[in-house]
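Heads up: the structure comes next, in structure tokens.
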């Protein structure tokens with residue numbers, strides 16, 4: 001896992017602390033949200049995570065197409081996941 005993926009996971013679980021009702025044995029499952037060189041992007045930069053009122057995690061960042069530099073064509077990339085599913089939440 002690269003530093004960007006680790007940061008995204010840290011932010012996701014930090015921001016979603018109140019949304020996790022019952023933590024599974026061994027801690028939460030970790031997932032790489034954005035991995036450089038995938039999904040048609042050379043680099044993912046500036047990750048952010050927010051939690052909606054319904055407990056959905058929304059992760060977004062810049063997807064840089066060809067290079068890691070600011071001059072590369074850039075898209076805003078969004079991913080979402082329900083944090084309450086299967087966790088004994090009301």
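Between residue 71 and residue 25, the modelled labels are 5.5 nm apart [label points 7 Å from Cα along Cα→Cβ]. A Förster distance of 22 Å, applied to the separation of the beta-carbon atoms of residue 79 and residue 36, puts the FRET efficiency at 0.90.
Each value in this text was obtained by applying a stated rule to the coordinates, not by laboratory testing. All figures in this text were calculated on a predicted structure; none of them were measured in a lab. With ideal geometry, Cβ positions are generated from the backbone for all residues, glycine too; neighbour counts draw on all protein chains shown.
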